[in-house]
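Beneath this line is the structure, given in C-alpha cells, with notes to follow.
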Amino acid sequence: MTQPVAQKSSLPRLVLPLCVTACCLATGALAITMLPRASFAATFHSFSLVAAATPAPPAPPPAATPKPVPVIPKPLISGDRLYLSRFTRYTTGDTQLTRAVGLYEAGKHAEAQKILEQNTSPQARWWYLKSCLRTGAYKEILRIVPGLAKTFFLLREDLVFWQLKAYLGQGDRENAQILARLLLKGSRRKEALVVLLKLAAGQKNRQSEEKLLRSAITGGDLTDGQKVDAILRLLTLVRTAMERRALLEQAWGLSVRRSVTRQLDALARKWFKRPMLKLASCSAIVRRGERLNRINLHKAAVTLLSRKMRCTVTDRCRRDFTLARSLFFLKRYAKAAPPAGRAVLTCEKTRLVELRVKSKYLAGKIAFSRGRYKTAVKAFGRVAREHPDHSYADDGLYRLALTWEKLKNKAAVSRTLTKISRAHPKGDRFQDALWQPILAHLEKGDWSAAGTLLKKARGLVTPTPPLENWGRLLYWQGRVAHLMGQNTRAMKHYKECIATAPLTYHALLSLNRLEQLQKGVAGTLLTTILSKNAPGTLPWSVLKDPGFATDAFARFVELARLGDDLAMGALKTLTPPLPTHPGTIARRGFFKGVAIILHLSGYHFQAYRLMGRVLMDHAHSWPTADTRVLWQMAYPSLYGTRLKAASTRAGIDPTLLMGLVREESGFSRRARSTAGALGLAQLMPRTARDVARRNRIPYTSEADLADPSTNLLIAGSYLGQLKKLFKGQRLLYVGAYNCGEGAMGKWRKADPRTPLDLFVEKLRVTETRDYIKRVLSSMFVYHVLGKHPGFPVLAL
C-alpha cells in the first residue's frame with residue numbers, strides 16, 4: 001500500500017480526512033461513551049436550531065421587541081424509550097425540500113442541486129451533498145462534510161464515505177484509501193471493502209492485493225455477485241492449477257448468470273482445455289444445482305444434477321435430494337421417485353440431519369402424489385417415528401392421516417390425528433388435527449356430533465394470530481346451530497366470531513349469515529364495532545426496549561426521517577436482527593417500533609413485510625382508533641391508481657384485486673413462483689398471452705409481466721372472465737384464479753348442491769382452499785380500511 005506522504009506540502013490534502021475521520025471514527029467509541037444520553041437525544045430534534053450553528057446576529061435596538069426563543073422539541077429517543085408521537089419526517093412542512101427530494105429521486109440531480117444550494121438547513125445540506133455527488137461537484141462535498149458531520153454525528157460514517165467518493169472522483173487515491181481503511185470497522189465496511197478492492201487493482205503490490213482479495217472472498221461482507229468479481233480478479237494473480245480450479249468452481253457455484261458462466265467456461269477451456277461442466281467436481285455441481293433450485297430454475301437444476309458423476313456420500317445425499325425436489329416442483333413425480341428413494345438411503349449415512357428428515361418427507365409427498373399410498377405411509381411414518389422432536393414431526397403425522405384417509409382406514413386416521421393433538425400441541429398442524437374429525441361429521445351432515453367436537457376443540461385452542469383457525473371454529477359453531485334451527489345460539493356464535501376474529505374470512509361469512517337470519521343486524525353491528533374507540537390498547541406514544549438506546553437504531557431513525565433509502569441498509573445493522581418468520585418473538589416492542597417508523601417514513605412495503613407477515617399485532621382487534629394504523633401497515637394500498645384502473649376496466653371490485661395482489665406476490669413486481677408465475681398478480685406467461693390477446697392488451701413477452709400496469713390489466717381482465725364464467729360466485733372464481741377454471745369447474749360439477757362455505761372447507765387441495773380464504777379476508781380488510789359502506793356480500 002502506498003503510505004501517506006508526511007511532507008509539509010501534502011498536509012493540506014490530509015487535513016480534511018484526518019480531522020473529520022480520525023476524530024469521528026478512530027475516537028468515535030470513546031466519544032460515544034463520554035457523551036451523556038441527553039446530547040445523543042439532541043440529534044433527533046427537528047433541527048429548528050440551525051441558527052445556533054451560525055454566528056449570532058447583532059443585538060436588536062433597545063426599543064425593538066425581542067423575537068421569541070424557539071421551543072426545543074422533546075427528543076424522539078430518550079434512554080431506552082421511543083416516543084412515536086414525536087416522529088416526523090424532516091421534509092414535513094418544507095415544500096422546497098420536498099420538491100428537491102422528489103427531483104433527486106426522479107434522477108434530476110442538477111435541478112435538485114440548484115434548489116438546495118440556497119437552503120442552509122442541515123437536512124437540505126444532506127440532500128445537497130447527495131446531489132453534488134451525482135453531478136460531480138466534488139469540491140463542494142469536501143467543503144460541506146466537516147460541518148455536516150458535527151450535526152449528523154450518528155451519520156458520520158455515511159458522510160465520510162461520500163467524502164471518500166469525492167476523493168475518488170478527483171483521482172486522489174491516497175486519501176480515498178486512508179478513509180476506506182478507517183471505514184472497515186463500521187457500518188460502511190462492505191462499501192469500503194469494495195473501494196479497497198478497486199484501488200488495489202490499480203496498484204503494483206500484487207501481494208497486498210491478493211491478500212485483500214482472499215479476505216473479501218472468505219468473509220461474509222460481500223454479496224455473491226461481488227465475491228464472483230473478486231474471484232475473477234484473483235484468478236489473474238494466482239498461478240497454480242489447483243488454486244485456479246478451486247476458484248473457478250467456487251465462482252461457478254456462486255453465480256448462475258449467463259455472462260459469468262460464459263466467462264468461467266472460457267477460462268476453464270484456456271487453462272484446462274475443458275468446459276466448466278466437465279472440469280467441476282461433484283461438490284461444485286451440487287452447489288450450483290442447489291442455487292438453481294432455490295431460485296426456482298428447476299429445469300436447469302434437473303439437467304445439471306442428472307449427470308453421472310463420482311461423488312462422496314454427503315454430496316450424493318445433497319444431489320439426490322435437490323434433484324428429487326426440482327422434479328417434484330415440475331410435477332414429474334414418476335421421475336422424482338428414484339432420486340428421492342436414493343436420498344432417503346444415502347442421507348442416513350451422513351451427518352446431515354436436516355436432509356435425513358426432509359428426504360423422507362419429500363419421498364412421502366412424491367409417493368402420495370403418485371397414488372402409492374402404502375409407500376407414503378412408510379415414509380411419513382418414519383418422519384414422525386424417527387424424528388419426534390423435529391418441526392416436521394407433526395407435519396409427517398398430518399400427512400400420514402391424509403394418506404390413511406385415502407386408504408379408507410378410519411381407525412388409523414383417528415389414531416394419527418389424536419397423536420398430533422397429544423404429542424404436538426404447539427405444532428402448526430395441531431388445529432388441523434382437531435378440525436379433520438369435525439369436517440368429517442359436517443360432510444355427513446351429522447350436525448350434533450360436529451357441534452360436540454367443535455365445543456371440545458374450542459377448549460383446547462388458544463387464539464393466536466393469524467386468527468383464521470379460531471374464527472373457523474366459532475363460525476361453524478354458529479353454522480351448525482343455524483342448520484339445527486337454533487337461531488338465537490347461531491347469532492351468538494356469529495357475533496362472537498366477528499368480535500374475536502376481526503376481518504378474517506370466517507368473520508365475513510358470519511356477517512353474511514347474520515344478515516340472512518335478521519336483515520340489517522350485521523350492518524348495524526359492523527358500524528358499532530368500527531365506531532368504538534379503543535384507547536390504551538397499545539403502548540402507542542411510548543415504547544421501551546434496550547434496543548432503542550443503541551447507536552445503530554438511532555442511525556436508522558435519522559436516515560428514516562431524512563427519507564434516505566440508506567435506512568433500509570441500516571436495518572441490517574440492528575441488534576437484535578429483524579425476525580423473518582412469525583412465532584414466538586422476544587422483544588416485540590422493539591420490532592413494533594421499527595415497523596411503525598418504517599410506515600411513518602413512507603417505507604410501506606418494508607412495514608408490511610414486518611407487521612403483516614411476521615409480527616401480526618394488528619390481528620388482535622378491529623381497526624379502530626390507534627389500532628387502525630397497524631392494519632394500514634399490514635395491508636398497504638400500493639399501486640392504488642393502477643389497481644383501480646385495471647379493476648374499472650374489468651368490472652371487478654378494486655378491493656378484491658388489491659387483496660389478490662397482496663396474497664399472490666406481497667406487492668413485489670419481481671416475484672416468481674416455483675411454477676413460473678410472474679409479477680404482482682403471479683400470472684403464468686401462457687395465460688397472460690391468451691388473456692391479453694382476447695382483451696387487446698399490449699403484450700409481447702413474459703418480460704412485460706414485470707410492468708405493474710400490464711400485469712394488473714391482464715390480471716383484472718382474467719378475473720373478470722372468471723367472474724362471468726362462475727356467475728359472480730366470488731368463492732368459486734377466486735379459487736379458479738389459483739387452481740384453474742377447469743379444475744374448479746370439475747370440482748363444483750361433482751358437488752353442485754353443497755353450500756359454498758362447506759364446499760370450500762371440503763376442497764382437498766390445501767393451496768386452493770387456503771388461497772380463497774386469504775384473498776377474501778384481504779378483500780374484506782381493504783373494504784373496511786377504504787371506508788366502503790357495509791361489507792362484501794357473498795353468495796353462500
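The values are calculated or read from the model by the stated rules, or taken from the named source; none is laboratory data. Being a predicted model, the structure only gives us computed values, none of them experimental. Positions of Cβ are generated from backbone atoms using ideal geometry, with glycine treated the same way; all protein chains shown enter the neighbour counts. For the accessible areas, the whole protein counts, side chains as well, though only heavy atoms, and no ligand, DNA or RNA atoms are used. Shrake-Rupley method; radii C 1.70, N 1.55, O 1.52, S 1.80 Å.
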Give me the lysines in straight-line cross-link reach of K544: C-alpha distance below 26 Å, same-chain residues under 8 apart excluded. K74, K572, K592
Rounded to whole Å², per residue accessible area for the chain with a 1.4 Å probe reads 48
Set K358/K773; K532/K787; K278/K308, cut-off 20 Å on Cα-Cα distance; pairs above it are K358/K773
Once you have the Cα-Cα distance between M309 and R134, take 0.36 nm times their residue separation minus that, and quote the gain in nm to one decimal. 57.9 nm
Under the rule rounded for a/c under 1.5, else prolate if a/b exceeds b/c, else oblate, using alpha carbon gyration tensor axes a ≥ b ≥ c, the chain is classed as oblate
Taking a spot 7 Å from the Cα of S531 along the direction of its beta carbon, which residues of the stretch 600-634 have an amide N less than 20 Å from it? 622-628
At 7 Å along the Cα-to-beta-carbon direction for both Q118 and K492, put a label point, then send me their distance in nm to one decimal. 7.3
Assuming a viscosity of 0.890 mPa s and a temperature of 25 °C, what translational diffusion coefficient in µm² per second does Stokes-Einstein assign to the stretch 232-389, Rh being the Kirkwood radius over Cα pairs? 147
With the dipole of the chain defined by +1 on each Lys or Arg Cβ and -1 on each Asp or Glu Cβ, the option from G136, L179, A736 whose Cα lies farthest towards the positive pole is A736
Identify, among A337, Y361, F321, the residue whose Cα sits farthest towards the positive end of the charge dipole of the stretch 304-380, taking +1 on the Cβ of Lys and Arg and -1 on the Cβ of Asp and Glu, with the dipole about the Cα centre. A337
As an exercise, use a Förster radius of 41 Å and the Cβ-Cβ distance of R257 and R415 to find the FRET efficiency, rounded to the nearest 0.05. 0.20
Report the relative contact order of the chain, percent, no decimals, based on alpha-carbon pairs under 8 angstrom and at least 6 residues apart. 9
Taking the Cα centre of the chain as the origin and placing charges on Cβ (Lys, Arg +1; Asp, Glu -1), which of G147, L559, L264 is farthest toward the positive end of the dipole? L264
For the stretch 730-778 versus the stretch 381-397, the gap between their alpha-carbon centres in whole angstrom: 30
Which shape class, rounded, prolate or oblate, goes with the stretch 270-359 when its Cα gyration tensor gives a ≥ b ≥ c as root eigenvalues, a/c under 1.5 marks rounded, and past that a/b bigger than b/c marks prolate? oblate
Through the Karplus equation 6.51 cos²θ - 1.76 cosθ + 1.60, θ set to phi - 60°, convert the phi angles of the stretch 323-330 into ³J(HN,Hα) values in whole Hz; use x for Gly and Pro. 4, 5, 5, 5, 5, 5, 5, 7
Whenever you get a sec, compute what percent of the accessible area on the stretch 622-744 sits on carbon and sulfur atoms (1.4 Å probe). 48
Mind giving me the FRET efficiency for A241 and R370? R0 is 41 Å, r the Cβ-Cβ distance, nearest 0.05 is fine. 0.30
Under a point-charge model restricted to the Cβ atoms of Lys and Arg (+1) and Asp and Glu (-1), what is the dipole moment magnitude of the chain relative to its Cα centre, in debye to the nearest 20? 3200
Once amide H atoms are built 1.01 Å from N in the peptide plane, which residues 5 or more positions from V542, or in another chain, come under 5 Å H to H? L84
What distance in nm lies between label points placed 7 Å from Cα along the C-beta direction at K727 and D428? 3.8
Alpha carbon centre of the stretch 412-437 versus the stretch 269-292: separation in Å? 46
So, with a 1.4 angstrom probe, what is the percent of accessible area on the stretch 420-572 that is carbon and sulfur? 53
Quick check on the stretch 364-422: take the gyration tensor over C-alpha atoms, sort the square-rooted eigenvalues as a ≥ b ≥ c, and tell me if it's rounded (a/c under 1.5), prolate or oblate. oblate
Over the stretch 606-651, what is the mean sequence separation of C-alpha contacts under 8 Å (at least six apart), divided by residue count, expressed as relative contact order in percent? 36
If the chain between E111 and K349 were fully extended at 0.36 nm per residue, the gain over the current Cα-Cα distance would be 79.1 nm
What size of dipole, in debye to the nearest 20, comes out for the stretch 368-424 about its Cα centre when the only charges are +1 on Lys and Arg C-beta atoms and -1 on Asp and Glu C-beta atoms? 400
Table column - 3J(HN,Hα) (Hz), the stretch 216-232, Karplus curve with 6.51, -1.76, 1.60, x for Gly and Pro: 5, 5, 7, x, x, 7, 8, 6, 4, x, 5, 5, 4, 4, 5, 5, 4
Inter-probe distance in nm under a simple model that places probes 7 Å from Cα toward Cβ, at D770 and K749: 2.9
Acute angle (nearest 10 degrees) that the helix 173-182 long axis makes with the longest principal axis of the chain, alpha-carbon atoms: 50
Kindly state, to the nearest 0.05, the FRET efficiency for E443 paired with N205, given R0 = 60 Å and r defined as their beta-carbon distance. 0.20
